[in-house]
1. When residue 339 is evaluated against the numbered criteria (1) more than 28 Å from residue 561 (Cα to Cα); (2) crowded, with 19+ Cβ neighbours inside 10 Å, which criterion, by number, is the only one it fails?
2. Can you run down the residue pairs with Cβ atoms below 6 Å, 6 or more apart or on separate chains, where the first is in segment 547-560 and free of Cβ contacts under 8 Å to residues at least 12 places away in the same chain and buried (at least 23 other Cβ atoms within 10 Å of the Cβ) and the partner is assigned to a helix (DSSP H, G or I) and among the basic types (Lys, Arg)?
3. Of the residues that sit in segment 461-471 and are hydroxyl-bearing (Ser, Thr, Tyr) and surrounded by fewer than 20 Cβ atoms within 10 Å (Cβ to Cβ), which one is modelled with the highest pLDDT?
4. Is it true that residue 463 is over 21 Å from residue 326 (Cβ atoms) and of a type in the set (S, T, N, Q)?
5. Assuming residue 352 fulfils every condition listed in (1) hydrophobic (A, V, I, L, M, F, W, C); (2) within 33 Å of the chain's Cα centre (by Cα); (3) modelled with pLDDT under 90 apart from one, which condition is it?
6. Of a type in the set (S, T, N, Q) and assigned to a strand (DSSP E or B): does that describe residue 370?
7. With the condition kept exactly as written, say whether any residue in segment 180-188 is exposed (fewer than 14 other Cβ atoms within 10 Å of the Cβ), at pLDDT 80 or above and either under 53 Å from the mean Cα position of the chain (by Cα) or in a loop (DSSP other than H, G, I, E, B) (or both).
8. Pick from segment 10-64 the residues that are free of Cβ contacts under 8 Å to residues at least 24 places away in the same chain and of a type in the set (Val, Ile, Thr): which of them is nearest to residue 210 (Cα to Cα)?
Amino acid sequence: MEPTISKARHHRAALWILMIANVGSLVSAANLVVSLDPEDRITIKRGAALTLLGLVYFTSLFELLNVLALFTGAGARFRHKYRLSCGDVLDITNKLVSAVQAALSCLTGVIVCLWSCTRDFVRSSHFMSEAYAWFGAAYFFYDIWSMYMVHVQMTSNVDSFKSKIQRKLSKNGDALLSSGDSAVKKSRPSFLAYCRHEPVILMHHLFIGGFGFLVIVYLRGGLGDCVFGFVYLMELSTPFVSLRGILSRLRLKASKAYLVNGILMLLTFFLCRVVSLPYVCLMYSRVLGLPYFEVTGSETVKVDFIENVIEQTIKVSRIVSGWEASPGQHPWQVGLRMVDHTGGVTGCGGSIVHREWVLTAAHCTASRVTMVIRAGVTHMTTPQYIGESTEYYNYPTFDSSRPDVVQSDDVAMVKLRVPVVYTDLLQSIRVQSSADAFRTYDGDVVIASGFGRVWTNGASPETLNWVYLRTVTNAQCAATFGSLITSTTICARYFNVTSQSVCQGDSGGPLVLTSEDGLPTLIGIASFVAGGQFGCHSGLPGGFARPGPFLGWFQEITGIDFENLNEEDETTEAPTTTTTEEPTTTTTEEPTTTTTEEPTTTTTEEPTTTTTEQPTTTTTEQPTTTEAPTTPTPESESEEDNSNEEDSDSGSSEEDEELNDLLKRMEVLVKVKVRMNKYKKRHEVHEKH
């Protein structure tokens, strides 16, 4: 009696230890991830801890069920009722653990699909997908050991062997039993023998647990989370498969439960293992806007300028799934309204890159007669600056005679007649440097903004909108758009909602990246999106022109080194603002020099208009130097007068410095003018008549 009591106490202690280990490991695993945000990644350290806790959880669960079935009164009655051997018990408990793992996997799949598939089919992720991959990988390692234990019991069948021997024993039964035990011990297969006996199962578990869960989940970088959620849901049929095996061990194949379970097993297997994959492909085809059987096709997608693309199916309230901007949030944003020779008006965006210059897309300015510029604008009716310009420069390789054809090098500069005055709500933006001109952007979070349309063929909004996007490499973009993607292109697609994009009216607008130094940098000029049946909301990337590769051309046009632009440049430019109005009344006698000089730059201007317009452009357009001779003449005369009047107060050295400064300015202006003549035939320079 005492040994029996001792064994009972031992089994109760084992039960408590196993229960504590089982519940504690699960709670600890949950505690490791409960504080994470949905899109957080699981680090290797945290993942290793989850795998260790998973081993403890599944192993302790298996042993806990074995102790309950083999060493408790209820377990003994259960075994006796269904005439179960020790091997049968281990096989049943192994299948129960498998069903528990499948239930946890399905729960994870539901969480991941509800989160990721409703946001960004490709990029949205939930930490549960990675967390359970680390935790669930432990099951496959544990299962190798548990199946070995089942194999040992089923092969040796110790209980059955002993009962048969005892019924046939004679007087020397004890000796025979001892001999039988020895025979059983010798017949117990080793783990290596089991591995050689079941190589397929062994390789399957090692591959799924080691590579399928740990390696793929970690290396995928959070991509394809929605698809991964459906992989978890494939386990929905596993509990019914396990129950089928358990009912078979209980000799209940003829029962209604076995029949119903079989039907459910076939149904869930068909839905989760057969239908789910085509359904995921269908979801992906809808995201791309492609016909179902073209989802995996390799043909490139047709493109079109943003303003030509119509949103076909989705009506949204912002730029496309973006937000309304607050005052001063995008102080460099410009709203352009361009008028063509027929009187038609179209809208584009742009960016203030200097107090006298706006950077936009060439297809926005091509063949336009005039344009109205609103800057420092959050609402179109309350701009910080409003002006008109007829002077713009399209990059020479852009064919302005075909403005409706998508082309590379879609870059243009617009000259402001009256320079802007910087305020808290109106600022210029730094242009991409030459060092980053051809940088491989991949996965960077950027911002696009504009006054683009907000519904199908609807009116453009009067309030500025903005949206997060995420950059993709040119190689990835070329897989969609083909040879149109060049080294001067940068592509960006939605951030976390498939429909996020620039759209009609956003062409020429900025694509902004906050650089490592914390300053916003203009890295793209909105140009095109997927055309045809796709549209802005398709989830495909949009194309932007990189400004960095054109810095040399910018300097030739403007005389400004944008890469080294600093506050000194701004202060030296400021006086031109104050002197713009004075020449209009005092230098009416000077046009004789400008009328002879002006036709060398543009042949479209008449002398009469030049004489009235020239004094204004003389001072404001010093960087472009279309009036190089007129600029120094009055200034040099005034300088001589001043030097004579102040001769007693300032020495000849100061006068020399002023003259040298004027000479340098004249030299720079003349050089720029010569360079501009080289592009005379390519540039479209218009003066208002």
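The values are calculated or read from the model by the stated rules, or taken from the named source; none is laboratory data. Please read all numbers here as calculations on a predicted model, not as lab measurements. Methodologically, a virtual Cβ is constructed for each residue, glycine included, from the backbone with ideal geometry; neighbour enumeration extends over all protein chains shown.
1. (2)
2. Here the result reads none, with nothing in segment 547-560 linked to a residue that is assigned to a helix (DSSP H, G or I) and among the basic types (Lys, Arg).
3. By that ranking, first place goes to 468.
4. The answer is no for residue 463.
5. (3)
6. So residue 370 fits the description; yes.
7. no
8. Going through the qualifying residues, I end up with 43.
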